[in-house]
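These notes are about the structure you will find just below.
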Amino acid sequence: MSLRRTLLGAAALIAFATPAVAQDVAITNATVVIGDGSAPIQNGTVVLRGGKVVAAGAGVAVPAGIRTVDAGGKWVTPGLVVAVTDIGLFDVEAVNESNDSDSKSPFNAALDLSPAINPLAQHIAVSRAGGVTRAAVAPIGTGAIFGGQGAIIDLASDGQPITQARAFQYVELGEAGARAAGGSRAAAHAVLRNAFMEARELARRGGGQGADPRLQDAAPERPGDALLTRFDAAALVPVVTGRQPLYVRTERAADIRMALALKADFPALKLVIVGASEGWMVARELAAAGVPVLATPLNDLPASFEQLAATQSNVGRMAAAGVRVGLGAFGDQPRYAPQYAGNLVSLTRVPGASGLTWGQAFAAISSVPAAILGMDSRFGSLKPGLSGDVVIWDGDPLETTSGAVQVFIDGVEQSLENHQTKLRDRYKVPTEGALPKAYEW
């Protein structure tokens, strides 16, 4: 018996370790959403081959011999793309031993969080079941204004989540940045500008040519009054030279203007504003500077002094002014993205409010964040040649009563099972003997 169990266990491990093969499949009779801002297409077809989208839309021919899935009128969309989130960095947030999102390291900008991401974390499984297929994971809560280098991941169950490590540098300004810098926005601004000047000087001396601190050239000598560690300074060289985007988390209009002003001294910066509760107040300036926003949606009750001008019309007003706006900063709940997007559609029917059309709203959680991440040539829509990240929904995905019924990532169908679904199934119809001991009298 023990030998049989050993063989079965070995077989299970081999099966888990064997990568799943992308499926060639045609999804027919569907309400197809391309994800580029266009309206849904009735009676459409999506064809996947070799893990890529081959065609999507109306009148698409189904190749001979390919597996066919009749959607029966269900909605078919690209997978959701969520930024910024900390899924994968903890199992239980309140348990320090399982939480890698809060670092008190002597390094800050040089931190690369990709080795800490756990692809088996339940937040990833729950988000995948909610239709999320890609995410930008940010190192939040390091105790310094620089959080480190975030990663772009897929949420597939193959144990290989990293799409791009060291994809962006994450900075906290506003109230959080002020606390980290010593209690003042003035201190945070001084720390930030000093860091960029040190990085620029290091670049001038020929050091720090890559975003990976393991590859840095330690030879160039640095001034004696340098405040950053060598690794932190080297990690910021790609930022000041424009090779790595800078994600600035800030809410207040004045702080957003301060971030935009950085480009006067460091013109190569590729800025992305995260949060932006008061972004509508500086929308024209954001649009003129070509700086995109990953906005926290639907903030309308100020939770802090830096959100006094928060309004649910924030995203709609920025979009109307020409700002490229995606929804972001969802913390550990990326699956709520469709709910927020749907509420932005509802705002278009509220007198005096500003929202988004259905197509714009879905693009704000798919192709727009993919474009802001610099990944729109790889995923984010159902355009030919992009990754086969596809979700089949049992209804309008922006309605709270709808849910994902099938999820494909790179053309591989994913399991939607997680702790939540197991608990649901266990207690849906309680039977004698199926309850925990605590339920026994």
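Solvent-accessible area of the chain (1.4 angstrom probe, protein heavy atoms only): carbon and sulfur portion equals 54 percent.
Largest mean-square fluctuation among Ile87, Ile140, Ile41, in a Gaussian network model of the chain whose springs join Cα atoms under 10 Å apart, belongs to Ile41. Coupling constants for region 35-44 follow from the phi torsions by the Karplus curve (6.51 cos²θ - 1.76 cosθ + 1.60, θ = phi - 60°), and in residue order they are x, 9, x, 7, 6, x, 10, 6, 6, x Hz; glycine and proline get x. A simple rule links phi to the HN-Hα coupling: the Karplus curve 6.51 cos²θ - 1.76 cosθ + 1.60 with θ = phi - 60°, which for region 401-418 gives 7, 8, x, 6, 10, 8, 10, 10, 10, 6, x, 9, 5, 9, 6, 9, 7, 7 Hz, with x for Gly and Pro. Only helical runs count toward this figure. For the chain, summing -39,500 (n - 2.57) over DSSP H runs of n ≥ 4 and dividing by all residues gives -8000 deg cm²/dmol at 222 nm.
Free of any GluC sites (Glu not before Pro) that DSSP assigns to a loop and that have at most 11 other C-beta atoms within 10 Å, the longest stretch within the chain is 1-220. Check Leu386: other-chain or 5+ apart residues with amide H under 5 Å from its amide H, H built from backbone geometry? Here the answer is Val53, since their amide H atoms fall under 5 Å of that of Leu386.
Its residue count N sets the reference 2.2 N^0.38 Å, and the alpha-carbon radius of gyration of region 81-379 equals 0.97 times that reference. Across the alpha-carbon set of region 141-205, the Rg to Rh ratio works out to 1.14, Rh being the Kirkwood radius. Between Gln420, Gln164, Gln406, find the one with the highest GNM mean-square fluctuation for the chain; connect C-alpha pairs within less than 10 Å. Between Gln420, Gln164, Gln406, it is Gln420 that shows the largest mean-square fluctuation. Among Val350, Val323, the sequence by solvent-accessible area, most first, with a 1.4 Å probe is Val350, Val323. For region 340-346, the Karplus equation 6.51 cos²θ - 1.76 cosθ + 1.60, evaluated at θ = phi - 60°, returns couplings of 5, 4, x, 5, 5, 5, 4 Hz by residue, with Gly and Pro reported as x.
Across the chain, the relative contact order, built from alpha-carbon pairs under 8 Å that are at least six residues apart, equals 18 percent. When Asp300, Asp112 are compared by accessible surface with a 1.4 Å probe, the order from highest to lowest is Asp300, Asp112.
With 29 Å as the limit, the listed pairs Lys74/Lys428; Lys270/Lys383; Lys74/Lys383; Lys74/Lys270; Lys74/Lys422 have Lys74/Lys270 beyond it between alpha carbons.
Each part gets one Cα centre, and for region 276-346 versus region 58-74 those centres are 37 Å apart. When the surface is traced with a 1.4 Å probe over the full set of protein chains, Trp280 keeps roughly 80 Å² accessible.
Exposed loop sites, defined as trypsin sites (Lys or Arg not before Pro) outside DSSP H, G, I, E and B with at most 11 other Cβ atoms within 10 Å, are absent from the longest region of the chain, namely 105-427.
The values are calculated or read from the model by the stated rules, or taken from the named source; none is laboratory data. Quantities reported herein were computed from a predicted structural model and do not represent experimental measurements. Please note: Cβ atoms are built from the backbone with ideal geometry, for glycine as well, and neighbour counts cover all protein chains shown. Only protein heavy atoms, including side chains, enter the accessible area calculation; ligands, DNA and RNA are left aside. Shrake-Rupley method; radii C 1.70, N 1.55, O 1.52, S 1.80 Å.
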